[in-house]
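J.: I have a structure I would like to understand better, so I am pasting it below and will then ask my questions one at a time.
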There are 2 protein chains.
Amino acid sequence: MQWVNVLGGVVGGAALVGLGIILGHFAIPKGADVPTPSIFQDLDLEILESIMQQLDARRIRENLRELSREPHLASSPQDEALVQLLLQRWRDPESGLDSAEASTYEVLLSFPSREQPNRVAVVSPTGNVLFSCRQSEQNLTGEQGGPDVVPPYAAYAPPGTPQGLLVYANQGTEEDFMKLQAQGIKLEGTIALTRYGGTGRGAKAVNAAKHGVAGVLVYTDPADINDGQSSTNETFPNSWRLPPSGVERGSYYEYFGDPLTPYLPANPSSFRLDPDTASGFPPIPTQPIGFEDAKILLCNLQGASAPAAWQGALGCDYKLGPGFQPNGDFPGDSQVNVSVYNRLELRNSSNVLGIIRGAVEPDRYVLYGNHRDSWVHGAVDPSNGTAVLLELSRVLGTLLKKGTWRPRRSIVFASWGAEEFGLIGSTEFTEEFFSKLQERAVAYINVDISVFANATLRAQGTPPVQSVIFAASKQIPAPSLGGLSIYDNWIRYFNRSSPVYGLVPSLGSLGAGSDYAPFIHFLGISSMDIAYTYDRSKTSARIYPTYHTAFDTFGYVDKFVDPGFSSHQAVARTAGSVLLRLSDSLFLPLNVSDYGETLRSFLQAAQQNLGVLLEQHSISLVPLVTAVEKFEGAAGALDQRISALQKATPDPLQVRMLNDQLMLLERTFLNPRAFPEERYYSHVLWAPRTGSVATFPGLANACSRAMNTSLGSPAWAEVQRQLSILVVALEGAAATLRPVADF
Amino acid sequence: MQWVNVLGGVVGGAALVGLGIILGHFAIPKGADVPTPSIFQDLDLEILESIMQQLDARRIRENLRELSREPHLASSPQDEALVQLLLQRWRDPESGLDSAEASTYEVLLSFPSREQPNRVAVVSPTGNVLFSCRQSEQNLTGEQGGPDVVPPYAAYAPPGTPQGLLVYANQGTEEDFMKLQAQGIKLEGTIALTRYGGTGRGAKAVNAAKHGVAGVLVYTDPADINDGQSSTNETFPNSWRLPPSGVERGSYYEYFGDPLTPYLPANPSSFRLDPDTASGFPPIPTQPIGFEDAKILLCNLQGASAPAAWQGALGCDYKLGPGFQPNGDFPGDSQVNVSVYNRLELRNSSNVLGIIRGAVEPDRYVLYGNHRDSWVHGAVDPSNGTAVLLELSRVLGTLLKKGTWRPRRSIVFASWGAEEFGLIGSTEFTEEFFSKLQERAVAYINVDISVFANATLRAQGTPPVQSVIFAASKQIPAPSLGGLSIYDNWIRYFNRSSPVYGLVPSLGSLGAGSDYAPFIHFLGISSMDIAYTYDRSKTSARIYPTYHTAFDTFGYVDKFVDPGFSSHQAVARTAGSVLLRLSDSLFLPLNVSDYGETLRSFLQAAQQNLGVLLEQHSISLVPLVTAVEKFEGAAGALDQRISALQKATPDPLQVRMLNDQLMLLERTFLNPRAFPEERYYSHVLWAPRTGSVATFPGLANACSRAMNTSLGSPAWAEVQRQLSILVVALEGAAATLRPVADF
């Protein structure tokens, strides 16, 4: 119908009727207790404040106790029991959500053999076992000894029993092995002892194998995790530090997602790669050990002293090997045998999804998730995040069931399966619901480990979420700091000087360390990860010391990480406030113009670090400069239109159109053809960077590959291609921010 | 704000207030002549009818006269003059659009040399030229002789001067060359004479080169284009038939889009492939000739008679060669020399975009386009489409400027450049605006050649557009048929039995024959192509006879194709009505459940034609059956929700959410990783199929490649992968159609 005819007789100079008429239509309850939503429903600060007050530290503590009572390795019966727990909570008639379902994928996991435990031993030339490393951690609290405590292993490391002279290879980076080679050390057939840090787990074995190494050991040096302390009375259960027998488990798989079904959900009928030809597994047997055992191996090595940077806190001079010193604990020609009996198994792993249907825009999803599976009890990783998730869903569910609140947009809570093996549950979810998530997801909030330590908030995310995290954290008091806000505390620990805002807390960027990875890198959904973390002036630990060990227990959290659980409460409030703001605000609180600041800084870094090199190859950055300027201009103008609309009386479709521009901006940075060799990485701004300069990854990586090739090489053509991909993405992004009827 | 608080004191049992209050708010004019749009603005049938009446056959005729006055080859000064004409029309203060702009790309075109014309000659063993083919068409109407008439050539065929014995290779398909080889004919070093049809232009040269052929000639047989007629008095200007000297020009490039910038817009700064290594060009020199010349070559060949299906209407027995018969016009050992001097050139080519801003949902685009460039005058191809486009934009622009109408959604009119060289302008546009088009485009309407002949409507498109084309065509009278509707006339010529609707006109599927290709295959935007066409009982011509020749002139159209231009008017009305329905209807008239019928028929074809083969390889179609059923179920339920909502008083966001489901369905069938070797083809239902069975292309193609490989081969793994890709796409599509808060 056309407006003239619609009006019929109603002609005349009547001015705009106010908001009230619309509200009169949409907001009048249909019955006594079923509220009809107002199409203009906006964030209600009173309700938000009431939610903040209801988020209860004690309940989080009780959640954690229940969640971490037993080991719950992915696909184990205890993991499945937690699926049922989540379903029960989310289906509770008093405090549940609108609906909750578990969905199960059939995924390839890796486990040590129960019958043949992995073993690391020193073996004499005649074949006698002179020394064996522990095959499990010491039972210090009665929780490390049960049958469900998976022994330390390197998931996805292949079975095999290599034996050879031991060498010390520091962190097992490519550079570390090059250094050993430069020292004249023959690596062929050796066993390399490496320590955690410096590169990914699986990369240590990949690098080692390139040099002919036959097997890899990995340990955690007390210098890296315990601020140098290693004695029993300085470590758990006497402090938060890692005990000598503690071993970090972990996935050594290079990519993420189910290894056999890249880009496809791992449904039973899905096409699967042959495990023998699938890529990304460590090429050689690998096994992690504790520093107690590492010390015996390392402090007996012969050969030249390792460089100063390679030394640690085991109390001896670290030598390089190969082999043991003749007058040490073992005969000089003793070898190390690494026996790995890991098995690949197809297992069922479930995600649990809980949904609160949006009142006004149910087709806009704000997602909030954490994984559920742990290596052992996983009180910190991931259960203290799930404890927060359950408290938040309880408070929102209670309001929902009472009928006093329903968010404007839909909220999707997720408990992901098999994250520890490589973000598998979340990745399969994004593969299964690729289309609807790309069309409808507003943002993804990840709270994995909610509290690493109780000093300060730490947030990672893409630029559009900065403003909403700032807004939330300004309204919430930091625990035990006399009313100082979380924001004001945060800025003391992590800050940067923004050209636009001055001194602000610095938001970290997102790698692939948790389940946000498929959301941001594969789907282009604005994502964030929120936690409480360390005072870095008090510890230099790589991560909380019992990470991925059997000592990561409820008692550990309760006694050492966050006694009183006030940091947990702070994270629940911060993440909860962000969730509410995203789900309830009439105008989406995503500040896209903050991307301009990132683009500008990436550009400046490119100009400073790559400009001369590019010029030498006649590659101009001018189109990139222009594209960044266009983005800044379009984003600034959009900001002004938002402000104007907020002051006016917008119609609901005007708001929706604007919100669509904000929501979909992140998608415009995706190009599935940009990095075909980087599985899932399609975001041209956040794909992995090989260099240390914070700039555009495709351009930087292509430059570093082209650096030593000749003028006109295919590698230089790739630099130009990457530059064009980037320019087109930024121009396309700017185009989506311009007034919608402009081309 | 939350509804309870918004309401304040207003509580009570008040029922829903009617539509009127909303309209009272949004539809009341702000001033005397600036209408405020109603948020419920819907298609106005009176306005639609008035537009139908205003579309004027005489104006279309005058447009065509102006557009086809001069040859306007892509990037020529005359092409540029038409850019200015379009801008002038679309900026006209009385009948123009809201805005109009030209955007220019720098693209790789191919032209014959002016200095060294291409030449095809019979050469004696001593090197004497015994016969030369015409280098231009005969000047029959005074329009074939000007300097701007590009001589016949095969665009993108490489330069070279091969010479060899002539063979006749029918249509130059792979099968044709295999047959020649099976006959013991040595193809190495020969010149192959082929006729148009049976396969793509460029494929003839690709197939020939595989067999060692040195050069290719292509002609149009009177059997294929003239219903066998070939004499001067039976052909143009005495009839619509192709004169003996007429030569079909065309692009011999294999892909579409600018050859040097795949997936990137061809901006001046964009990365370009090296033309020497870019793929898709014909591998050997190729030249098209007229049947007058082809007759002299073909009727002098020696050797065995060609098979019956290879015979044509040149009035002699077609022999296979190689070489000429001894007692013919040439010595038996004479050879044919093909001298091609084509050059690749980077040229500026422009698109022109004209926009009508939507009143209510300006961020939803209904696109309507045609190319502008022709090979010579191009009165039929493409100017009779552009003549319709200009008349339609004039009528809408006039209403717009008068202030009496503005569409609900934005309308984008486009005049594409360099389509004849490979859909270049439209492809570059989709590459440049990839993100915003994927987010916002409702549909793309293509009217290239508007009238091939004046018998009946012919439409191609994806299933969601079927219903709107039916609705439009039912309301418009077919020309000169006493009030019979276009629909009722159409069903007499093209029909099928639909399981859902019974006998209906059959909608063709979209290949890559015009500018809709990048919209449907690359971006997943529901697309259609609309034209008036032949009575197939009266002619079996491959296409209208003067296609791509210098005889495709205004007089040709005016006298032979559509005297009186009533078929042009019928197309303007049909396409115009479709455009209005898509841009103005409150509920988008895209019937997604019609996709269910296609999926079901593709599934049945797969079961019948591939079922046994797949079973032999233990590949089950059950997951595909389930996925199709899920789609049908979700689409059917969505239809019911639409009906219910249409009867109720929906709020504007409910309608928008539903329309988003309809608009975005087509996008869910895209998978950029499905067919990485098929440039731009990402739509898992409409990618090119090698076989003749109308079924899922990825599955069918993979099966035909795997057919003769062993169990467990990589080709069979690819069949399983393609099946999974398909199942995931259909499940994903169904998921987007379900109620939006379901997962």
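The values are calculated or read from the model by the stated rules, or taken from the named source; none is laboratory data. On a predicted model such as this, the values are computed, not experimentally measured, just so you know. When we count neighbours, we look across all protein chains shown, and the Cβ atoms used for this are built from the backbone with ideal geometry, even at glycine. Surface areas here come from the heavy atoms of the whole protein model, side chains and all, with no ligands, DNA or RNA. Shrake-Rupley method; radii C 1.70, N 1.55, O 1.52, S 1.80 Å.
J.: Spit out the partnerless Cys residues in the protein assembly as shown, using Cβ distances under 4.7 Å as the pairing rule.
T.: So far as the 4.7 Å Cβ criterion goes, A:C133, A:C703, B:C133, B:C703 stand without a partner in the protein assembly as shown.
J.: Taking a point 7 Å out from Cα toward Cβ as the label site, list the nm distances between B:R91 and the same residue in every other copy, smallest first.
T.: Copy-to-copy label distances for B:R91: 6.6 nm.
J.: Which order do the peptides A:294-302, B:502-510, A:149-157 take when ranked by the mean count of other beta-carbon atoms within 10 Å per residue, highest first?
T.: Working: A:294-302: 21.7, B:502-510: 16.3, A:149-157: 24.6.
Per-residue mean Cβ counts within 10 Å order the peptides as A:149-157, A:294-302, B:502-510.
J.: Keeping the other protein chains in place, figure out the carbon and sulfur percent of the accessible area of the protein assembly as shown, with a 1.4 Å probe. Mind showing how you got there, number by number?
T.: Working: 25330 of 49820 Å².
Its accessible area is 51 percent carbon and sulfur atoms.
J.: For the protein assembly as shown, what is the mean residue ellipticity at 222 nm derived from helices alone (per DSSP H run of n ≥ 4: -39500 (n - 2.57); sum divided by total residues; nearest 500 deg cm²/dmol)?
T.: Working: 40 runs with 491 residues, N = 1486.
My calculation for the protein assembly as shown gives -10500 deg cm²/dmol from helical runs alone.
J.: Now for a separate question. Over the stretch A:40-84, what number does the Rg to Rh ratio reach, with both radii from the alpha-carbon atoms and Rh per Kirkwood? Walk me through the numbers on the way to the answer.
T.: On the way: Rg = 16.6 Å, Rh = 13.2 Å.
Ratio of gyration radius to Kirkwood radius: 1.26.
J.: Further question: Measure off 7 Å from each Cα along the Cα-to-Cβ vector at A:E49 and B:R496, then give the distance between these two points in nanometres to one decimal.
T.: Roughly 6.4 nm, to one decimal.
J.: Treating the point 7 Å from Cα along Cα-beta-carbon as the label, what are the nm separations from A:G513 to the other copies, to one decimal?
T.: Copy-to-copy label distances for A:G513: 5.8 nm.
J.: Sequence neighbours fewer than 8 away in the same chain don't count; with that in mind, list the lysines whose C-alpha is under 30 Å from A:K295.
T.: The qualifying lysines are A:K179, A:K186, A:K204, A:K210, A:K319, A:K538, A:K559.
J.: With every protein chain in place, what's the accessible area of B:W686 (1.4 Å probe, Å², nearest 10)?
T.: 40
J.: Still on this model: Tell me, what HN-Hα J-couplings in whole Hz come from the Karplus equation 6.51 cos²θ - 1.76 cosθ + 1.60 at θ = phi - 60° for each residue of the stretch B:130-146, using x for Gly and Pro?
T.: 8, 6, 10, 5, 4, 9, 8, 7, 5, 7, 8, 10, x, 9, 9, x, x
J.: With each pseudo-label sitting 7 Å past Cα toward Cβ, what's the B:E94-B:V612 distance in nm, one decimal?
T.: 7.0
J.: Sort shortest first the distances from B:G145 to its counterpart in every other copy, using label points 7 Å along the Cα-to-beta-carbon line, and give them in nm.
T.: When each copy's label point is compared with this one, the spacings are 11.0 nm.
J.: How much FRET efficiency would the formula 1/(1 + (r/R0)^6) give for B:T690 and A:A715, where r is the Cβ-Cβ distance and R0 is 45 Å, rounded to 0.05? Each step should come with its number before you reach the end.
T.: Details: r = 36 Å, r/R0 = 0.79.
Efficiency at R0 = 45 Å is approximately 0.80.
J.: Something else: At 7 Å along Cα-to-Cβ for each site, give me the label-to-label distance between A:D742 and B:D276 in nm.
T.: Taking the simple label geometry, A:D742 and B:D276 are separated by 4.3 nm.
J.: Which value, in debye to the nearest 20, gives the size of the charge dipole of the stretch A:547-649 about its Cα centre, when Lys and Arg are +1 and Asp and Glu are -1 at the Cβ? It would help to have the intermediate numbers written out before the result.
T.: Numbers: 7 positive and 10 negative charges, 58 e Å.
Charge dipole, the stretch A:547-649, about its Cα centre: 280 debye, nearest 20.
J.: Then there's this: What per residue convex hull volume, in Å³, do the alpha-carbon atoms of the stretch A:113-340 yield?
T.: Details: hull volume 32.4 nm³, N = 228.
Hull volume over Cα atoms, normalised by residue count, gives 142 Å³.
J.: With every protein chain kept in place and ligands, DNA and RNA left out, what is the accessible area per residue of the protein assembly as shown? Probe 1.4 Å, answer in Å².
T.: So the protein assembly as shown comes to 34 Å² accessible per residue, rounded to a whole number.
J.: Rg and Dmax of the stretch A:503-600, Cα atoms, in Å?
T.: Cα only, the stretch A:503-600: 16.7, 47 Å (Rg, Dmax).
J.: In addition: Do any trypsin sites (Lys or Arg not before Pro) in the stretch B:518-581 lie in a loop, going by DSSP, with at most 14 other beta-carbon atoms within 10 Å of their beta carbon, and if so which? Intermediate results must be reported in sequence, preceding the final value.
T.: Numbers: sites: B:R536, B:K538, B:R542, B:K559, B:R573, B:R581; in loops: B:R536, B:K538, B:R542.
The qualifying sites are B:R536, B:K538.
J.: To the nearest 10 square angstrom, what accessible area does B:E345 show with a 1.4 Å probe?
T.: 50
J.: When the distances between all Cα atoms of chain B are binned every 20 Å from zero, what whole-number percent does each bin get?
T.: In order of increasing distance, the bins hold 16, 47, 30, 6, 1, 0 percent.
J.: Quick one: the Cα spread of the protein assembly as shown along its three principal axes, in angstroms, biggest first?
T.: 110, 88, 61
J.: May I ask you to rank B:F421, A:F271 by accessible area, largest first, using a 1.4 Å probe over the protein chains only?
T.: Numbers: B:F421 0, A:F271 30 Å².
The most accessible residue leads, giving A:F271, B:F421.
J.: In whole Å and largest first, what semi-axes does the C-alpha gyration tensor of the stretch B:549-664 yield when each eigenvalue is scaled by 5 and square-rooted? Can you show the working numbers first?
T.: Values: eigenvalues 301, 181, 18 Å².
Equivalent ellipsoid of the stretch B:549-664: 39, 30, 9 Å, largest first.
J.: I would also like to ask the following. What number comes out for the charge environment of A:R679, summing +1 per Lys or Arg and -1 per Asp or Glu over other residues with Cβ under 12 Å away?
T.: Numbers: positive: B:R673; negative: A:E254, A:D258, A:E431, A:E677, A:E678.
In short, -4.
J.: Just to be sure I understand the interface: list residues from the stretch A:268-288 that lose 40 Å² or more of accessible area between the chain on its own and the complete protein assembly, 1.4 Å probe.
T.: A:S269, A:F271
J.: For the stretch A:594-737, how big is the tail of P(r) above 18 Å, as a whole percent of Cα pairs?
T.: Details: 5996 of 10296 pairs.
In whole percent, the long-distance tail amounts to 58.
J.: Further, regarding this structure: Can you list the residues in the stretch A:619-668 whose accessible area drops by at least 50 Å² when all protein chains are present, compared with the chain alone? Use a 1.4 Å probe, heavy atoms only.
T.: A:L653, A:R656, A:M657
J.: For the interface of chains B and A, what total accessible area is buried with a 1.4 Å probe, rounded to the nearest 100 Å²? It would help to have the intermediate numbers written out before the result.
T.: Numbers: alone 28910 and 28830 Å², together 49820 Å².
Buried surface at the B/A interface: approximately 7900 Å².
J.: Compute the signed sum of charges (Lys and Arg +1, Asp and Glu -1) over the other residues within less than 12 Å, Cβ to Cβ, of A:N118. Display every interim value, and only then the final one.
T.: On the way: positive: A:R114, A:R119, A:R134, A:R249, A:R343; negative: A:E115.
Taking every other residue near A:N118 into account, the sum is +4.
J.: Between A:S231 and A:R119, what length in nm is gained on full extension when 0.36 nm per residue of separation is reduced by their alpha carbon distance? Don't jump to the answer; show the numbers that get you there.
T.: On the way: separation 112, 0.36 × 112 = 40.32 nm, distance 2.43 nm.
Result: 37.9 nm gained on full extension.
J.: Right, another one. Mind listing P(r) for the stretch A:674-743? All alpha-carbon pairs, 10 Å bins, whole percents.
T.: P(r) for the stretch A:674-743, in whole percents per bin: 20, 44, 25, 10, 1.
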